[in-house]
Every structure is written in structure tokens, then in C-alpha cells.
Amino acid sequence: MSGLLALLLTLQLALASSLPQLFDQALNASREGRFGDALPLWNRVLERTPADAAAWSNCGNVQLALGDAAAAIADQTRALELEPDSADAHLNRGTAEEARGDWEAAEADYRWILERFEAPGEPRASALYNLGNVQGSLGDWPAARASFAAAAEARPGFAMARSSAALASFELGDLDEAERQLRSLIRRHPLFADARAALTALLWQRGVRGEAESHWAAAAGLDPRYRQGEWLVGTRRWPPRPVQALEQFLALS
């Protein structure tokens, strides 16, 4: 009997010692974009520690990356049941809800963060930025511009938030402000493809074709996805007018 107990204790110790290594393997696979490898690893982690909120949230992120938004929402919700005050799980669930077009639920998750985290920095900046994307998807570009600008203020150096605010200004017809913001971004971040592609579209619309071509050469070399209208709308979430202007530029250039 004592031999059996010793064997069971040895097995338990072996499992306990291997769990951190398994967690690290799952996390590394997720960070490296090997989502097909990461999912079974997270499932193995959760088999051993079903009350680990961080593991549920990480598993949900992988589910979303693999295209299963419903499973991602379920995993993030389970993480929140275990750790109700987790800003990361609210942010991650909101992203999955956006993927399903559930704008009301996504906004509720982001506003939950904003009501509880008032200090600049994270997670406030990301919640504001994602809220801007929701508002833009609903066609409320004035509100989206305000949210993007607030995100940029909450996290200095948040270049994508500043670019999104400029694109919202473009959408609203405030071309002078949009151009000012984009030129400022490019001075600070000369290799930032989003700002260069956006300025390409704006300058083309204004008839400044030579400079538009110059910025496009840089943008296309930095990130060829800006040639893809579907990616611009569905993933990068550009507003309609800048997308239309860039598509016209690409069709005629």
C-alpha cells in the first residue's frame, strides 16, 4: 500500500513540475502565430488546471485567431467567471464580439474597462481604440474620432490610434486636419505604412498626384496589404471615403 501511495505521489509531482513548462510551450506557440499547435497545448493546460483564468483567456485568443469567434467568447466568459475583474478578458472578449458583429456587447466590454481604469496607459488606451472601431463600424465617425484621439492621449506613441483619428477626420471631410495629423505622424514614424497609405489617398483626392505616388511607393513597400480593399475594410477598419480614394488611386495610377 505504501508503495502505491509513493507511486501516486511521484506521478503528481511529475505532473505539477511539467505544468509550467506546458504553459510556456502553449504561450510560445501563441506568440509565434502557431495557433494550430497552440490550441491542443492550451487544452492540455486546462485539463490540468481548469480554474486558471489566464489559460482560458489565452485559449480564447487562439480560438479567435483560428476563426472560431463563438468559442473565443465562451472561453473569455469562462475566464471572467473565474476572475471577474480581468481587464484583459473583457478586452479580448470584446474583440471576439466585434468579429461576430455584436457591436453592443463589444461596446459594453470596452466601457466596463473605461469605467474602472481611469489612469492613462493600458488597458484604457486599447479599450478606447477598440471602442472607436466599434463606433466607426456603426457609422458614428465623430464619436470614433474622439475615441481614437483619446486613445492616443492615453498612450503616447500609439501611432495607429493617431492614424485612425486622422482617417476619421478624412471621412468627416476635415481634410486639412487629416493631412496635418498624417504628416506629423510620418515625420515621427517615417516607416509607418498606415499613415503613408492614408496620405496617399488624401493627396490623390486633392489632386496632388506626384506626392501621392511617392508616399504610395513607400507604403506598398512597407506593407503590401494596403493594396487589398477587403483587408482595409474588414481588418484594418478604414472608413469608406479613404478606402474609396485609395482604390481610385490604385485603379488609375
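Brief remarks on what is shown
- Taken together, the criteria place residue 93 among residues that are assigned to a helix (DSSP H, G or I) and in the same structural domain as residue 77 (by TED's automatic domain parsing).
- Residue list for the stretch 22-59, filter: closer than 15 Å to residue 82 by Cβ, among the aliphatic types (A, V, I, L, M) and assigned to a helix (DSSP H, G or I): 45, 46, 53, 54, 55
- Number of residues in the stretch 189-213 that are more than 28 Å from the chain's Cα centre (by Cα) and in a loop (DSSP other than H, G, I, E, B): the value is 3.
- Some residue of the stretch 111-128 being among the polar types (S, T, N, Q), outside the structural domain of residue 92 (by TED's automatic domain parsing) and buried (at least 24 other Cβ atoms within 10 Å of the Cβ): no
- Considering 64, 11, the condition of being assigned to a helix (DSSP H, G or I) and at pLDDT below 95 is satisfied by 11 alone.
- When 125, 105 are checked against the criterion of being within 22 Å of residue 67 (Cα to Cα) and not hydroxyl-bearing (Ser, Thr, Tyr), 105 stands alone in meeting it.
- Residue in the stretch 239-251 that is farther than 22 Å from residue 144 by Cβ, small (Gly, Ala, Ser) and assigned to a helix (DSSP H, G or I) present: yes
- The set of residues from the stretch 121-154 being of a type in the set (Lys, Arg) and under 15 Å from the mean Cα position of the chain (by Cα) comprises just one member, 124.
- Scan of the stretch 215-253 for residues that are among the polar types (S, T, N, Q) and surrounded by 14 or more Cβ atoms within 10 Å (Cβ to Cβ), ordered by number: 244
- Residue satisfying condition, being assigned to a loop (DSSP other than H, G, I, E, B), more than 25 Å from residue 63 (Cβ to Cβ), charged (D, E, K, R) and free of Cβ contacts under 8 Å to residues at least 60 places away in the same chain, within set 118, 122: 118
- Those residues of the stretch 154-184 which are assigned to a helix (DSSP H, G or I), farther than 19 Å from residue 219 by Cα and free of Cβ contacts under 8 Å to residues at least 40 places away in the same chain, in sequence order: 154, 169, 175, 176, 177
The values are calculated or read from the model by the stated rules, or taken from the named source; none is laboratory data. Since this is a predicted model, take the numbers as computed values, not measurements. Heads up, the Cβs are rebuilt from the backbone with ideal geometry, glycines too, and the neighbour counts pull from every protein chain shown.
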